[in-house]
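Values in this text are rule-based calculations from the coordinates and carry no lab data. Here the structure is a predicted model, which is why all the values come from computation and not from measurement. As a convention, Cβ positions derive from the backbone with ideal geometry for all residues, glycine included, and neighbour counts pool all protein chains shown.
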Amino acid sequence: MNKDEHGRRLKAAMASKRLSREDVALAAGVKSRTVTNWTSGATMPSDRERSALRVLLGDYDTPGDPVIVALGQSELVEWRQDTVKGFYRRHLAEQREEKGETA
């Protein structure tokens, strides 16, 4: 995962848990400016720091589509997860079609 993708996922995970940069910095043992650098894609956390982030945020950096990953980690029962995934995939396909992209 590149720095930009990591930053987007970290920022989304922080927002979903309603955590501030300061909260995350404290948990990871870094300064809040470091968290800003991570979320902006300027730098990446070390393995130790990523482990601390996972304890706080869950598997926010799991490979794959972040929406599908989040659904798999949600409280929704499996059949509801499947319904939402299908809806999401249909909309992605329509969006790609509108942009002239191929799947």
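Each residue of the range 7-16 was assigned a 3J(HN,Hα) from its phi angle through the Karplus expression (A = 6.51, B = -1.76, C = 1.60, θ = phi - 60°), giving x, 4, 5, 5, 4, 5, 5, 4, 5, 5 Hz with x at Gly and Pro. For Lys3, a cut-off of 23 angstrom between C-alpha atoms picks up these lysines, skipping any fewer than 8 places away in its own chain: Lys11, Lys17, Lys31. Is the shape of the range 3-57 rounded, prolate or oblate, going by the alpha carbon gyration tensor and its root eigenvalues a ≥ b ≥ c, with a/c under 1.5 for rounded and a/b larger than b/c for prolate? Taking the square roots of the gyration eigenvalues as a ≥ b ≥ c, the range 3-57 is rounded. The long axis of helix 47-57 is offset from the longest Cα principal axis of the chain by roughly 60 degrees.
Considering Cα pairs under 8 angstrom that are at least six residues apart, work out the relative contact order of the chain and quote it in whole percent.
25
Spin-label model, Arg96/Met44: points 7 Å from Cα along the beta carbon direction are separated by 2.6 nm.
Charge dipole (Cα centre; +1 on Lys/Arg Cβ, -1 on Asp/Glu Cβ; no other charges) of the chain amounts to roughly 380 debye. Could you tell me how many degrees, from 0 to 90 and to the nearest 10, lie between the Cα long axis of helix 78-99 and the main elongation axis, the longest principal axis, of the Cα atoms of the chain? Rounded to the nearest ten degrees, it is 80.
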